[in-house]
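Worksheet: one structure, shown below.
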Amino acid sequence: ACRHLFNGTKVPYTVVLLVIGIVLGSVEYGTKHNLGKLGHGIRIWNGINPDLLLAVFLPVLLFESSFSMDVHQIKRCMGQMVLLAGPGVLISTFCLGALIKLTFPYNWDWKTSLLLGGLLGATDPVAVVALLKELGASKKMTTLIDGESLMNDGVSVVVFQLFFKMVMGHNSDWGSIIKFLVQNSFGAVGIGLAFGIASVFWLKFIFNDTVVQITVTLSASYFAYYTAQEWAGVSGILTVMILGMVFAAFARAAFKDDSHQSLHHFWEMVAYIANTLVFILSGVIIAEGVLSGQNISYKGNSWGFLFLLYLYVQLSRCVVVGVLYPLLCRFGYGLDWKESIILAWSGLRGAVSLSLALSVKQSSGNSYLSSDTGTRFLFLTGGIVFLTLVVNGSTTQLLLHLLRMDTLTATKKRLLEYTKFEMMKTALKAFENLGDDEELGSADWHTVIRHISSLKDLEGRQLNPHNGYEAGSLDPTNMMDMRIRFLKGVQAAYWEMLDDGRITQCTANVLMQSVDEALDLVSTSSLSDWRGLEPCVHFPNYYKFLQSQIIPRKLVTHLIVERLESACYISSAFICAHRIARQQLHDFLGNSNIASTVINESEVEGEKAKQFLEDVRASFPQVLSVFKTRQVTHYVLNHLNSYIKNLEKVGLIEGKEVSHLHDVVQSDLKKLLRNPPSLKLPNVDDLITSNPLLKDRSSFRSLAIGETDA
């Protein structure tokens with residue numbers, strides 16, 4: 001209900017859920033009105049172990065967030081993330097610790113003050129991710145803040161554990177501190193990589209089984225977190241973040257078409273449920289913490305010190321961004337002053353901070369940590385979580401608007417206007433197809449338009465939408481925008497080829513990466529996605545020498561054929577994707593100057609790929625034959641799969657017939673993937689005498705694919 005009612009408003013629904021949780025907790029704990037069964041349920045949830053709270057909700061939220069991030073942008077922003085998560089957390093912790101020690105009247109020692117500083121020093125990914133996805137911030141900004149929040153959280157928990165051990169009387173010499181930090185950091189990375197590599201390897205053996213694929217991702221996130229946090233004693237948060245990044249880098253291409261959609265919807269729903277429960281529960285915990293410790297929270301100036309601590313938290317965040325700003329501008333995509341303001345203001349706190357405060361409260365009541373201190377920790381932390389979510393969370397969209405970071409550029413406005421004209425043309429074609437038929441007669445166009453509000457203002461206007469892209473429009477901003485759109489079209493074509501089986505997962509990863517690298521250069525150079533492929537696609541002169549009879553055939557096959565096949569896949573897919581993207585751009589913008597310029601750049605790039613294939617055709621024609629045989633076989637089997645689904649859809653076959661035919665095609669696909677047509681290089685003498693035999697179909701098949709049945 002909250003998500004539905006507050007959709008389109010400036011208030012994120014997570015903030016409303018937090019308020020609802022506080023109201024429920026206040027009614028149950030602060031008044032004589034007992035909520036009965038609901039109140040009993042609230043008390044059970046409120047009594048949850050803080051470690052269990054993190055173990056239940058964090059793995060899915062952290063994995064979903066890190067798995068959905070763009071790998072290329074993560075690599076580009078990694079320097080900024082490390083700066084904010086490493087030195088940034090330490091600066092924030094010591095700033096807050098010093099301010100608390102010097103201004104708060106609780107007579108805490110430095111260790112206790114730094115413990116609260118470490119607890120509040122890092123942003124919470126659960127809160128930040130929920131906010132950014134709802135507000136629709138730019139992808140670069142989202143990746144930076146999202147990645148920084150994930151890393152920040154992992155580092156802050158390690159820092160918190162370090163100071164918590166010091167407060168509880170454990171050894172705190174420099175040797176033990178360094179050993180603790182190194183073990184937590186490198187141990188978490190190692191476990192995350194191990195689980196990621198094992199899971200990705202497993203996924204390669206799963207064929208068209210969406211349930212198993214999704215189960216592997218879900219199980220891996222929980223097992224990795226538990227292994228790191230409970231068994232190895234290292235950061236489970238950092239482990240799951242690394243696991244998600246490994247999946248994003250190497251496993252995304254393993255999920256094709258329907259599987260990819262199912263995985264996306266599953267994790268979106270799991271994250272939504274977890275977020276909802278976390279924020280309502282956080283509200284209940286805040287209310288209970290404030291009301292059960294009334295002698296602390298209402299005594300003296302505790303409320304005043306809470307608001308003062310909120311100002312300290314914002315100040316420390318500004319100090320972190322300000323001190324690191326010169327370095328943040330030099331790494332990754334850089335950072336301008338507007339983005340730095342959003343970065344400073346988006347330092348929300350959430351369930352992780354609350355769970356850590358709960359663990360402090362549960363561990364209090366001894367000679368090291370008094371009960372009053374534990375209650376104050378929960379009261380102050382709960383207040384900061386509430387204030388950052390309500391104040392910062394509710395005003396971030398307004399801040400984006402004031403900084404004009406949510407407005408469309410002139411280029412995008414022009415393209416939007418043009419798209420509306422294309423929509424009008426499409427609507428007219430649809431009307432021509434359905435507007436008149438023998439059974440029902442004709443429809444009234446004016447009534448149709450009246451019910452389509454997006455087209456009302458366009459009818460009768462004579463403005464030529466191509467004018468915005470004619471002479472004089474080849475400015476850098478327009479060109480950059482059009483190159484980005486063209487490359488996005490190329491990337492979409494690669495995904496379609498992967499779904500059709502025309503390229504392999506490894507080839508798809510290489511091609512996607514080349515587009516990502518080219519997208520970074522669109523503002524300074526023409527289309528350059530072939531540049532990223534050149535190390536994988538080249539034809540050295542020594543290949544021809546290897547054809548001589550001196551070199552053993554098996555060695556030649558190992559040295560040349562596999563590499564050439566991969567290069568042929570890449571070149572063929574590159575040419576095809578660019579052809580598709582050029583046609584789409586031409587159909588959309590016609591013969592405008594800007595479209596023609598981008599199309600010419602694409603054709604220049606395509607010539608390099610064509611030249612490589614010509615070189616292979618001249619020296620190793622049999623490689624191209626095998627490559628095409630594999631591609632066509634996979635495409636035909638996929639086509640048969642679609643045909644069976646269509647027959648089932650229209651009701652011509654059902655039940656056992658569908659199952660039988662589907663199993664037969666799937667079995668053939670598995671065989672093709674595990675034992676593809678192989679190449680057996682002929683001797684030079686065979687090549688010389690092969691031309692007359694090419695007319696004979698069976699001999700040609702033998703030459704092209706060796707002993708394997710087509």
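The table below lists the values:
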quantity	calculated
Residue 49 paired with residue 231, simple spin-label distance in nm, labels 7 Å along Cα-to-beta-carbon	1.7 nm
Residue-level accessible surface for residue 660, protein heavy atoms, 1.4 Å, Å²	120 Å²
Added length on full extension, which subtracts the Cα-Cα distance from 0.36 nm per residue, residue 110 to residue 218	34.8 nm
Residue-level accessible surface for residue 485, protein heavy atoms, 1.4 Å, Å²	100 Å²
Separation in nanometres of the label points that stand 7 Å from Cα toward Cβ, at residue 656 and residue 78	5.6 nm
Where labels lie 7 Å past Cα in the beta-carbon direction, separation of residue 443 and residue 525 in nm	5.0 nm
Rounded accessible area of residue 479 (nearest 10 Å², 1.4 Å probe)	10 Å²
Shape of the stretch 151-218, Cα gyration tensor, a/c cut at 1.5	prolate
Among 371-384, 45-58, 634-647, the order from most to least packed when residues are scored by Cβ within 10 Å on average	371-384, 45-58, 634-647
Gain upon complete extension [residue 640, residue 193; 0.36 nm per residue less C-alpha separation]	157.1 nm
When each of 111/179; 420/488; 425/649; 429/645 is checked by Cα-Cα distance, pairs over 26 Å	425/649; 429/645
Rounded FRET efficiency, nearest 0.05, which uses the C-beta distance separating residue 90 from residue 168 and R0 of 25 Å	0.75
For the stretch 315-397, accessible area per residue (1.4 Å probe, heavy atoms of protein chains only), Å²	35 Å²
Mean separation of Cα contacts under 8 Å, 6 or more apart, over the residue count of the stretch 176-303: relative contact order %	27 percent
Environment charge of residue 165, counting only residues whose C-beta is closer than 13 Å and scoring Lys/Arg +1, Asp/Glu -1	+1
Cβ crowding within 10 Å averaged over residues, with 503-509, 12-18, 198-204 ranked highest first	12-18, 503-509, 198-204
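The values are calculated or read from the model by the stated rules, or taken from the named source; none is laboratory data. Nothing here was measured: the structure is a model prediction, and the numbers come from that model. Counting neighbours? That spans all protein chains shown, and the Cβs are built from the backbone with ideal geometry, glycine included. Only protein heavy atoms, including side chains, enter the accessible area calculation; ligands, DNA and RNA are left aside. Shrake-Rupley method; radii C 1.70, N 1.55, O 1.52, S 1.80 Å.
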